[in-house]
Amino acid sequence: MTRMRTLIIGGTVFLGRAIVQEALRRGHQVTTFNRGASGADAPGVEAVHGDRQVTADLERLAERREWDAVIDVCGYVPRVVGESVRLLSGRAPTYAFISSISAISEFPAKAVNEESARFECAPDAGPDDGDYGTLKAGCERAVEQGFDGNRLIIEPGLILGPHENVGRLPWWLTRMQRGGRVLAPGDPAKPMQVIDARDIAAFTLDQAEAGTDDRFLTSGEQGNTTYGGWLAECARVTGSDAEPIWVDDDFLLEHDVEPWTEFPLWVPNKPDMKELWDMSSAKAAAAGLRCRPVAETVADTWAWLRDIPVDQRSFRTSMLTHGIEPDKEAAILAAWAAR
């Protein structure tokens, strides 16, 4: 195990938090750079607070020291990422950027891998020059074109795990905890492909320690759970008496259910979404990516979530709110029973 001086841009929530914890576990000297607004810095890090959109703050960071690797967990705008790259180039031999599978233009209509086309987006694009996936593609180019050294691009699929701040698995755990008749969307046998944030953290640090100059799609094994199996695990760990009532896709769409958000991780069988759960992580697996069982992720997430009062659990991001309203769920269940 290589002990490194590691700079993590972000590092206080979900995947960033997991990377910090894994780096500390390995004995890295960890510096975090963030605004100090999204969460507390982990004990044991050197916390530098600043705004990456403010050049003077980045200059103050870059003047402090050199590192063995930079890991950028919270880059969303190419122009902003490019400025970080410009000022940190030469301060570390490796720049790891956490991107997203959403940067791939053919996803999720087609099965994809590392050779698939990315969205067209300039490396100096601003926040209004595209949606999330388009801008992530531009951020990748900002790193690849601007950093003098190893450029490690990590493109995760669907990430779950303890401290999830997106609200997908936490919503389903909370709904199963409540019990009763639960509207279960679509086909219980539908295969899924998810990955634990802690497994991405370990793989990212493995590659940073090795000085890898490459890109990797990182998700779980294809079909590592099914929708029915996933919800069964949610019921099991919460000790719930929940009774899933499986309702087909067309019926849900007829009743104006919003895919992905009202029932987290549910999408109907439509051509533009048909390969959502079919991305290849074979390259990452060959390079050492190892994924824990989905049941372990569900159990560990519940162990974290269960002590948080229900009214303090967040199912909201800056852009989306997850979870169907109870009255709407009850109305659809009644309509399904009466059909």
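The values are calculated or read from the model by the stated rules, or taken from the named source; none is laboratory data. What you see is a predicted model; the values in this text were computed from it and never measured. Because the Cβ atoms are built from the backbone with ideal geometry, glycine has one as well, and the counts that use them run over all protein chains shown.
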Candidates Gly27, Gly36, Gly16, Gly11, filtered to the one that is buried (at least 23 other Cβ atoms within 10 Å of the Cβ) and part of a loop (DSSP other than H, G, I, E, B): Gly11
Looking at Val54, Val73, Val81, Val85, which is the one that is of a type in the set (Val, Ile, Thr) and either surrounded by fewer than 23 Cβ atoms within 10 Å (Cβ to Cβ) or assigned by TED's automatic domain parsing to the domain that holds Lys270 (or both)? Val54
With the structure loaded, tell me whether Ser100 is more than 20 Å from the chain's Cα centre (by Cα), within 29 Å of Met4 (Cβ to Cβ) and of a type in the set (S, T, N, Q) or whether it fails that test. no
All but one of (1) of a type in the set (A, V, I, L, M); (2) assigned by TED's automatic domain parsing to the domain that holds Lys136; (3) surrounded by fewer than 18 Cβ atoms within 10 Å (Cβ to Cβ) hold for Leu152, so report the exception by its number. (3)
Quick one: which of Trp230, Trp172 is in contact with a helix residue (DSSP H, G or I) (Cβ under 8 Å, 6 or more places away or on another chain), modelled with pLDDT under 95, closer than 25 Å to Lys328 by Cβ and not assigned by TED's automatic domain parsing to the domain that holds Val20? Trp230
Enumeration of residues in the stretch 64-117 that are aromatic (Phe, Trp, Tyr), out of contact with any Phe, Trp or Tyr (no Cβ under 7 Å at 6 or more places or on another chain) and outside any loop (DSSP other than H, G, I, E, B): Phe97
Out of the residues in the stretch 220-257 that are free of Cβ contacts under 8 Å to residues at least 40 places away in the same chain and closer than 14 Å to Ala184 by Cα, which is surrounded by the fewest Cβ atoms within 10 Å (Cβ to Cβ)? Asp250
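Please enumerate the residues belonging to the stretch 204-215 that are touching a strand residue (DSSP E or B) at 6+ places or on another chain (Cβ under 6 Å), on the phi < 0 side of the Ramachandran plot and either assigned to a loop (DSSP other than H, G, I, E, B) or not polar (S, T, N, Q) (or both).
If the condition is that a residue be touching a strand residue (DSSP E or B) at 6+ places or on another chain (Cβ under 6 Å), on the phi < 0 side of the Ramachandran plot and either assigned to a loop (DSSP other than H, G, I, E, B) or not polar (S, T, N, Q) (or both), then Ala208, Thr212, Asp213, Arg215 are the ones that fit.
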Could you say whether any residue in the stretch 175-188 is charged (D, E, K, R), in contact with a strand residue (DSSP E or B) (Cβ under 7 Å, 6 or more places away or on another chain) and surrounded by fewer than 20 Cβ atoms within 10 Å (Cβ to Cβ)? yes
